[in-house]
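The values are calculated or read from the model by the stated rules, or taken from the named source; none is laboratory data. Bear in mind that the values here come from a model prediction, so they are computed numbers and not experimental data. Cβ atoms come from the backbone with ideal geometry, glycine included; neighbour counts cover every protein chain shown. These accessible areas exclude ligands, DNA and RNA; they are computed on the full protein's heavy atoms, side chains included. Shrake-Rupley method; radii C 1.70, N 1.55, O 1.52, S 1.80 Å.
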There are 2 protein chains.
Amino acid sequence: MPRILLTIAYDGHPYSGWQSQPCGKTVQDHLEKSLAALCGTSVRVHGAGRTDGGVHALAQSAHVDLPDPCMPVGKIPVAVNARLPTQIRVVAARRVGPDFHARFSAKGKVYRYRVWNAPTLHPLEIGRAWHVPEPVDLARLREAVSQFEGRHDFFAFAANRRTPVGNTVRTIRSARVRREGALLTLTFDGDGFLFRMVRLMAGAALRVGKGREPMEWLSDHLKRRAQGKARYCAPSDGLYLVRVRY
Amino acid sequence: MPRILLTIAYDGHPYSGWQSQPCGKTVQDHLEKSLAALCGTSVRVHGAGRTDGGVHALAQSAHVDLPDPCMPVGKIPVAVNARLPTQIRVVAARRVGPDFHARFSAKGKVYRYRVWNAPTLHPLEIGRAWHVPEPVDLARLREAVSQFEGRHDFFAFAANRRTPVGNTVRTIRSARVRREGALLTLTFDGDGFLFRMVRLMAGAALRVGKGREPMEWLSDHLKRRAQGKARYCAPSDGLYLVRVRY
């Protein structure tokens, strides 16, 4: 049973997120169906993490144990892609050791938010960027985003559902903002992300960048659990899983 | 009757091109319907040029004569956009003189082809790039594209339909290729483009870049009408009207 690490790109728009659901309309469901058809037996796909419905992936990672004997690893992407919708593509496959686990071996992940900051959303950015029409103060946004860097208790930046009790400390290695014309890009590189954490961080940072909340509101939420939840959740449009670090 | 120059962006995918057609599913049709509803009278939209079905525009230009009295010019984008599908947006409007004509006053146009040059088309590039899976020699592609620069008879690079007889000389100010990972970008800046000319130039250049035709095949088509048509038409996916120069 060789263990294979797959790198997968997808347009999140048509799917109900990554993780398998009874509806069968998730990325994991499509991958498992394609692999089962290919191998003639059911195959479980272990993702590095869940992405919400509508969230895109430039390079999601997942491992699978393929029944022996199997095709050469180099042929897997083409064979699997032939049975997948075009909005999901296996872009790479390589053999890994039996102890490797897509989720537990991950050292971190990189997420990116694309924000279209102009009165009118560009037609080619529909579903590809979060539209924020109000003026944003770039210096304030940069300062807000930089607050997330380092080791913090992100309790306030995790949705209640699926948040592990008492284990909400994570480290953000870097949090950066770039502006190119109307496009703001927020990139978060961290050792792990809680449920909805990127969306809640981006929502809070833009709220401060627009001047609707003071900087202390954000930093207080990082320092004291008693502040409750940060509660401004950015939409899934515009969120990209850039890569998983191993 | 103030004359207004509109700058328009659109996702070409849902439409049958720019120019008005009986089906009513073109960008011009949608703009005219929106303006008619706004002004209470029929309004003719004069575009700088036609784009084919599926071709995108970052900044198409068109002029309209609006009935007097009318709203302030600064309010036009929001008012028109409120009646347009989200895939078409008026991004700017400004008053121009009565002699200005979107098509006849244009000094030139810039078109761009996005080519995804990898075995697998990235899911987020579906409809946004032309997928060329075969290896492309970048130096050869650059040389091929540069052949188009200058003043030439582009008879071979114009589709028969709608090509003016005896007037196929155009000047390409610059033709450039950029590579960023799997993405090749071909940018053509010219004083005018014949019907399907950009698609035929890109198709020919990629044919040479892949080594399927010699360089002389392309340059002969630029030099001698007797060579006939170049005949490799790139698909509309991946073609963008970047801007109209005045």
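Summary of values
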| quantity | calculated |
| --- | --- |
| Cα convex hull of segment B:3-96, projected area averaged across orientations, nm² | 5.2 |
| For the protein assembly as shown, the spread of Cα positions along each principal axis, largest first, Å | 76, 62, 37 |
| Residues in segment B:81-95 occluded by at least 20 Å² - accessible area, probe radius 1.4 Å, against chain by itself | B:THR86, B:ARG89 |
| Inter-copy label distances at A:ASP191 (7 Å, Cα→Cβ; nm, one decimal) | 6.5 |
| By average C-beta atoms within 10 angstrom, highest first, the peptides A:87-93, B:238-244 | B:238-244, A:87-93 |
| Cα-projected label distance for B:LYS210 with A:TYR246, points at 7 Å along beta-carbon direction, nm | 3.3 |
| Percent accessible area from carbon and sulfur atoms, chain A, protein chains only, probe 1.4 Å | 49 |
| Alpha-carbon centroids, segment B:37-63 and segment A:74-126: separation in whole Å | 37 |
| Nearest-10 value in Å² for the accessible area of A:THR171, using the 1.4 Å probe | 40 |
| Segments A:175-184, A:5-14, B:98-107 sorted - mean Cβ within 10 Å per residue, highest first | A:5-14, A:175-184, B:98-107 |
| Segment A:108-245: C-alpha gyration tensor shape, a/c 1.5 cut-off, then a/b vs b/c | prolate |
| Dipole in debye (nearest 20) - segment B:167-246, about Cα centre, beta carbon charges: Lys, Arg +1; Asp, Glu -1 | 140 |
| Buried solvent-accessible surface, both chains (B, A), 1.4 Å probe, Å² to nearest 100 | 1400 |
| Cα-based reach from B:LYS75 at 20 Å (exclusive), listing lysines while leaving out same-chain residues under 8 positions away | B:LYS33 |
| Spread of Cα-to-Cα distances over 10 Å intervals beginning at zero, given as percent, for chain A | 7, 30, 32, 20, 9, 2, 0 |
| Inter-copy spacing of A:PRO67 label points, which lie 7 Å from Cα along Cα→Cβ, given in nm from shortest upward | 7.2 |
| GNM flexibility winner over chain A from A:LEU218, A:LEU141, A:LEU121 (Cα, springs under 10 Å) | A:LEU121 |
| Cα-centre dipole for the protein assembly as shown with unit charges at Cβ (Lys and Arg positive, Asp and Glu negative), debye to 20 | 260 |
| Inter-copy spacing of A:ARG151 label points, which lie 7 Å from Cα along Cα→Cβ, given in nm from shortest upward | 7.1 |
| Label point distance in nm, A:GLN227-B:ARG178, each placed 7 Å from Cα along Cα→Cβ | 3.9 |
| Cα pair distances exceeding 11 angstrom across segment A:63-104, given as percent | 70 |
| Cα gyration tensor shape of segment B:73-128, rounded if a/c is under 1.5, else prolate or oblate by comparing a/b with b/c | oblate |
| √(5λ) per eigenvalue of the Cα gyration tensor, segment A:117-181, largest first, Å | 29, 17, 10 |
| Three-way shape call for segment A:53-165 based on the alpha-carbon gyration tensor, with the a/c threshold at 1.5 | oblate |
| Span from the segment B:184-246 Cα centroid across to the segment A:185-246 one, whole angstrom | 46 |
| Nearest beta-carbon to the B/A symmetry axis - residue in chain B, distance in Å | B:ARG128, 5 |
| CD proxy at 222 nm, helix term only [per DSSP H run n ≥ 4: -39500 (n - 2.57); per residue of chain A; nearest 500] | -6000 deg cm²/dmol |
| Over segment B:3-96, relative contact order from alpha-carbon pairs under 8 Å, at least 6 apart, % | 44 |
| Chain B - percent relative contact order, Cα under 8 Å, separation 6 or more | 24 |
